[in-house]
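Visitor: Below you'll find the structure I mean.
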Amino acid sequence: NAGVTQTPKFQVLKTGQSMTLQCAQDMNHEYMSWYRQDPGMGLRLIHYSVGAGITDQGEVPNGYNVSRSTTEDFPLRLLSAAPSQTSVYFCASSPWTGPYEQYFGPGTRLTVT
Amino acid sequence: QQQVKQSPQSLIVQKGGISIINCAYENTAFDYFPWYQQFPGKGPALLIAIRPDVSEKKEGRFTISFNKSAKQFSLHIMDSQPGDSATYFCAASSQETSGSRLTFGEGTQLTVNP
């Protein structure tokens, strides 16, 4: 099993550009989530999904969209990138229907100039 | 609103010593308290977790102590090793009030000197 994979590993965007961060898991997990990690702020939940077709907002959802058309994939879209979205983004999945025993991907480091 | 407060921000311990990281929470409905370990350039990994029906859980050199009345929980790393040098995050979740959300503390950067 590859576990949770994220692409790209690094990305530089200009303000106003849009892009999609990819996340996939091959463990047949129902629960998937996106976090951003900023220095001194821990990890903050952006969006999460408890199964295909079901998504909900987390703590910091503004400026981001998600969809969950399959169990395996949970892409995160930045609609119009802003410097405040410069961060490291982590995708995670759990075999449970909630945020228990989450497996994290390796992260995507995003810089918005 | 930060619902989980973690301290200290950084910690330096000598090899063989005990590392202690503390977390305090506000929401009395929290019912799941995990600790995650993160090495530089990697994603966090679940280390150990506890539910409020027990006051302590031990896995190898790692122990969670839980004080429900004080709304605090802590991670103890016994016989700390240089390989334990990492950032540690506490977190909390409530099935009742936060459903499928996990709230993290700010993180503690642990350095274990040889």
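Visitor: Inside segment A:19-32, can you point out the residues that are within 15 Å of A:SER67 (Cβ to Cβ) and surrounded by 19 or more Cβ atoms within 10 Å (Cβ to Cβ)?
Guide: A:LEU21, A:CYS23, A:ALA24, A:MET32, listed by residue number.
Visitor: Need the failing condition index for A:PRO39 against (1) over 17 Å from the mean Cα position of the chain (by Cα); (2) touching a residue at least 24 places away in the same chain (Cβ under 8 Å), just the number.
Guide: Evaluating A:PRO39 over (1) over 17 Å from the mean Cα position of the chain (by Cα); (2) touching a residue at least 24 places away in the same chain (Cβ under 8 Å) leaves (2) as the failure.
Yes/no matrix, rows are residues, columns are (1) in a strand (DSSP E or B); (2) out of contact with any helix residue (DSSP H, G or I) (no Cβ under 6 Å at 6 or more places or on another chain); (3) within 28 Å of A:LYS9 (Cβ to Cβ):
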site	(1), (2), (3)
B:VAL13	yes, yes, no
B:ASN27	no, yes, no
B:TRP35	yes, yes, yes
B:LEU46	yes, yes, yes
B:PHE66	yes, yes, no
B:SER69	no, yes, no
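Visitor: When you scan segment B:54-62, do you find a residue that is among the small types (Gly, Ala, Ser) and at pLDDT below 95, even just one?
Guide: yes
Visitor: I'd like to know if segment A:88-101 contains one or more residues that are surrounded by 14 or more Cβ atoms within 10 Å (Cβ to Cβ), without any contact (Cβ under 8 Å) to a residue 60 or more places away in the chain and closer than 30 Å to A:GLY16 by Cβ.
Guide: yes
Visitor: Same structure, new question: Quick one: which residue in A:VAL88, A:VAL12, A:VAL66, A:VAL112 is of a type in the set (A, V, I, L, M), modelled with pLDDT of 95 or more and touching a helix residue (DSSP H, G or I) at 6+ places or on another chain (Cβ under 6 Å)?
Guide: Residue meeting the stated conditions: A:VAL112.
Visitor: Among the residues of segment B:4-31, what is the count of those that are surrounded by fewer than 18 Cβ atoms within 10 Å (Cβ to Cβ), within 17 Å of B:SER100 (Cα to Cα) and within 12 Å of chain A (Cβ to nearest Cβ)?
Guide: Qualifying residue count, segment B:4-31: 1.
Visitor: Next up: Checking A:LEU45 against (1) closer than 19 Å to B:TRP35 by Cα; (2) part of a loop (DSSP other than H, G, I, E, B), which single condition isn't satisfied?
Guide: The one condition A:LEU45 does not meet is (2).
Visitor: Ok, one more. On the given criteria, is A:TYR35 within 11 Å of chain B (Cβ to nearest Cβ), outside any loop (DSSP other than H, G, I, E, B) and in contact with a Gly (Cβ under 7 Å, 6 or more places away or on another chain)?
Guide: no
Visitor: Among (1) under 19 Å from B:LEU46 (Cβ atoms); (2) surrounded by fewer than 16 Cβ atoms within 10 Å (Cβ to Cβ); (3) facing chain B (nearest Cβ under 10 Å); (4) within 14 Å of the chain's Cα centre (by Cα), where does A:ARG44 come up short?
Guide: Only one criterion is unmet by A:ARG44, namely (2).
Visitor: So, in segment A:89-108, of the ones that are assigned to a strand (DSSP E or B) and out of contact with any Lys or Arg (no Cβ under 7 Å at 6 or more places or on another chain), which residue ends up nearest to the other protein chains (Cβ to nearest Cβ)?
Guide: By that ranking, first place goes to A:PHE104.
Visitor: Read through the list (1) of a type in the set (Gly, Ala, Ser); (2) in contact with an Asp or Glu (Cβ under 6 Å, 6 or more places away or on another chain); (3) exposed (fewer than 13 other Cβ atoms within 10 Å of the Cβ), then give the number of the only condition that A:GLY16 fails.
Guide: Failed condition: (2).
Visitor: Also, I was wondering about something else. Which residue, of B:SER80, B:SER74, is of a type in the set (Gly, Ala, Ser), in a strand (DSSP E or B), over 20 Å from A:TYR31 (Cβ atoms) and at pLDDT 95 or above?
Guide: One residue alone meets the criteria, B:SER74.
Visitor: Restrict the check to segment A:74-88 and report whether at least one residue is at the interface with chain B (Cβ under 8 Å from one of its Cβ atoms), closer than 30 Å to B:ARG51 by Cα and not β-branched (Val, Ile, Thr).
Guide: no
Visitor: Show the residue pairs that are 6+ apart or on different chains and have beta-carbon atoms under 8 Å apart, the first residue being within segment B:52-73 and at positive phi, the second being not in a strand (DSSP E or B).
Guide: B:LYS71/B:GLU26; B:LYS71/B:THR28
The values are calculated or read from the model by the stated rules, or taken from the named source; none is laboratory data. Everything numeric here is computed off the predicted structure, so don't read it as measured data. A quick note on method: Cβ atoms are made from the backbone with ideal geometry, for glycine too, and the neighbour counts reach across all protein chains shown.
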